[in-house]
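Written below as structure tokens is the structure these notes are about.
Where a number appears in this text, it was derived from the coordinates with a stated rule and is not lab data. What you are looking at is a predicted structure, and each value in this text was computed from that prediction instead of being measured. Quick reminder, even Gly has a Cβ in these numbers, built from the backbone with ideal geometry, and neighbours come from all protein chains shown.
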2 protein chains.
Amino acid sequence: MPTIKDVAKKAGVSYATVSRALNNHPEINEETRKKIVKISSEMGYQPNAIAQGLVKKETKTIGLLIPDITNPFFPEVARGVEDAANMEGYSVFLCNTNWSEEQEERYLEVLMQKQVDGIIIGPSSERTGHIKKVFHLGIKPAVFISRIDYPNSTSILIDNISGARIAVEYLISKGHKKIAFIGGLKDAFSNQDRLLGYKNALEMNGIPINQDYILNGDFKRESGHQATQKVLQVNLRPTAIFAANDMLALGAIQAIKEEGLVIPGDISVVGFDDIGFAALPEIQLTTIAQPKYDMGRLAFLTLLDQIKGGDSVINKRILLNPELIIRKTS
Amino acid sequence: MPTIKDVAKKAGVSYATVSRALNNHPEINEETRKKIVKISSEMGYQPNAIAQGLVKKETKTIGLLIPDITNPFFPEVARGVEDAANMEGYSVFLCNTNWSEEQEERYLEVLMQKQVDGIIIGPSSERTGHIKKVFHLGIKPAVFISRIDYPNSTSILIDNISGARIAVEYLISKGHKKIAFIGGLKDAFSNQDRLLGYKNALEMNGIPINQDYILNGDFKRESGHQATQKVLQVNLRPTAIFAANDMLALGAIQAIKEEGLVIPGDISVVGFDDIGFAALPEIQLTTIAQPKYDMGRLAFLTLLDQIKGGDSVINKRILLNPELIIRKTS
DNA sequence: TTGTAGGCGTTATCAG
DNA sequence: CTGATAACGCCTACAA
């Protein structure tokens, strides 16, 4: 690959002139500029971004740290950040942390070494000690996807509380009073907020909260399956289930069918997330949609703002609106 | 962030010594090495990979070019390459080409500018002119995921022909003789090969090929839906359908149910790919699985081989074995 | 075993 | 408007 020197030699000018020409500096003769541009493209010259990065101290590169691209929630988010990044001339490093804090820490170090201009983090856990550790080496602009307790950080997420409330209020509006909450990881902020929204909705409608109707586990289908089996056995069987995510809802549906009950005739089910398959004709899950693509897009745009120094308010939380998608399970 | 100079100053040695110490050069005093390592870690020194890349002319970075991470086929592939890459100390740029050749070309240029050590390409089309154009600027090691007609290239893919044959032979073994082929894009190599495997299986079992049973379209669900509606109307209605991918199979299933027919009682369906939802209890699609994760892993490993110059045989095709997954639609 | 100095490909500063 | 030249942070002969 030819370098600036090669182009300069061929054009009979100094490196500096070539550099100026290629970067559209104002103080250059239009004639020579054209000549240089022509020659450089003839030679197939491509600027070496590594060298540029070294001197300009910016690499036009960001890191995207997520737990697992294989999890149906993340591809759309990733697509959102990538599209936005690409449009602004940035490239993105994909980093799967596999829900491991150590891995997250290792990647963070690599990203700093690679001199990324900023980082988007979909955290693996609620804990942030390891993140803090790395960031203290040299703080970079960062935005979090999901709520996180990290000082002076920007995070972008949907309003889980109101999302859950909307779901449960919808159920109530359909006449349900015995509504169960099939939760995920008890400690997860998202789970806590969704539970809160659930409780809010009940309270606001004068429906007492029944602890027998509230179960937690993890965010996987089997957990929803088991919890639902259990909740189906309580004294006054619920007539509706609000699951903290779509995988749990799927498990719930399975348990309900196994019990010989009909959806939504006997029991209604509402999920959360609206991951891809929820729309399949075979599933048709009623759920709360997160604007995943937009979350990614916005995450990048917010990050870019920080990178460019335009965003002085670093410590903020951007809340996106959830949307109820009514399908056939309710 | 501290640099080598800072560490050197604090340690009272030259830059060179620090560099040597940190890179475990043999010709260095063990004492001073320890001292330097200690100091550098105390200072939180992180090597600048950009600077290293400039002098070493390798960036420990690769590009992953795929059409769309949102397509259920790719996340697992991506995860496979990323895991393998990470294990070898490489980072990966995620590039969604959105099935566009121009976008593919643009990204290729960016990747060359960013001085990646190699590229893994999941092509957007069967055409390769634009790829050739960029590669001629400065050829990089590259491996293709999927069959492609590109000179001196390595590609890794599953054996579509035998995969299709296995699927159809399985159907035949269950007594089916009237088997339809619901295809995707007519020109796609994968579609051609799967059609070929379908024909092979029929021929080998003395079953005549009926052109009325063969329909193409694109790879999306709606296409499978429409094609199946059509094929259900032919004179001797098929008793089984082999779809060129799972999305088509899903569309087929929908059409069959709409017609009031039972699966697999009246008609069996077999898909291809085994994307995530095929295993859902509500779907339970019998299908041919592609080892997606392994494809990604292997793609990276093969690329690494080329990068290290160990792989002298560049022009080759690595064929992975497809696997029949029997579930409830057959 | 360690230090000195040149260079990787660019950009940017300072003279001319 | 253009040409030297010094960085950017690191590695690596070549000397010492």
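Contact order normalised by length for chain A, with contacts defined as Cα pairs under 8 Å and 6 or more residues apart; what percent is it? Relative contact order here is 17 percent. For A:R127, the distances from its label point to the matching points in the remaining copies are 5.4 nm, ordered from shortest, with each point set 7 Å beyond Cα toward Cβ. For B:P151, the point set 7 Å out from Cα toward Cβ sits 6.2 nm from its twins in the other copies, listed from shortest up. The mean sequence distance of close C-alpha pairs (under 8 Å, at least 6 residues apart), as a share of the length of segment B:80-201, puts its relative contact order at 19 percent. Near B:I267, the amide H atoms lying under 5 Å from its own belong to B:V262; only residues 5 or more places off or on other chains count, and H is placed 1.01 Å from N.
Close amide-amide hydrogen proximity is noted between B:L320 and B:L157, B:I158, B:D159, each under 5 Å apart and 5 or more residues distant or on a separate chain (H modeled in the peptide plane; Pro and chain starts excluded).
Each copy carries a label point for B:L236 at 7 Å from Cα toward Cβ; from one copy, the others' points are 6.3 nm away, ordered from shortest. Neighbours of B:N321, meaning other residues whose beta-carbon lies under 11 angstrom from its beta-carbon, give a summed charge of -3 when Lys and Arg score +1 and Asp and Glu score -1. Computed 3J(HN,Hα) for segment B:85-97, one whole-Hz value per residue from the Karplus formula 6.51 cos²θ - 1.76 cosθ + 1.60 where θ = phi - 60°, is 4, 4, 4, 9, x, 9, 10, 10, 7, 8, 10, 8, 8, glycine and proline marked x. Taking the Cβ of B:F74 as the centre, find all other residues whose Cβ is under 13 Å away and add up their charges (Lys, Arg: +1; Asp, Glu: -1). Around B:F74, the surrounding residues sum to -3.
Taking every C-alpha pair closer than 8 Å and separated by at least 6 residues, the mean separation divided by the residue count of segment A:1-87 gives a relative contact order of 25 percent.
Between segment A:57-123 and segment A:149-218, what's the alpha-carbon centroid distance in Å? Answer, in whole Å: 29. Taken one residue at a time, the phi angles of segment A:117-131 give Karplus couplings (6.51, -1.76, 1.60, θ = phi - 60°) of 7, x, 9, 10, 10, x, x, 7, 7, 7, 8, 9, x, 5, 5 Hz. Gly and Pro are set to x.
Indicate, rounded to the nearest 5 percent, the antiparallel portion of the DSSP beta bridges found entirely in the protein assembly as shown. Display every interim value, and only then the final one.
Values: 7 of 77 bridges.
Bridges in the protein assembly as shown are about 10 percent antiparallel.
Taking trypsin sites (Lys or Arg not before Pro) across segment A:60-162, the ones in a DSSP loop with at most 16 further Cβ atoms lying within 10 angstrom of their Cβ are A:R127.
Taking amide H as placed 1.01 Å from N in the peptide plane, the amide H of B:F144 sits under 5 Å from that of B:I121, B:T154, B:S155, B:I156, each at least 5 places away or on another chain.
Electrostatic tally near B:N210: other residues with Cβ closer than 15 Å to its Cβ, Lys and Arg +1, Asp and Glu -1, net +3. For chain B, leaving out every one of the GluC sites (Glu not before Pro) that falls in a DSSP loop and has at most 15 other Cβ atoms within 10 Å, the longest unbroken run is B:127-258.
Secondary structure note: in chain B, about 10% of the DSSP beta bridges are antiparallel. In order along segment A:170-182, phi translates into HN-Hα couplings of 4, 4, 4, 5, 8, x, 6, 10, 9, 10, 9, 10, 9 Hz, rounded to whole numbers, per the Karplus curve 6.51 cos²θ - 1.76 cosθ + 1.60 with θ = phi - 60° and x for Gly and Pro.
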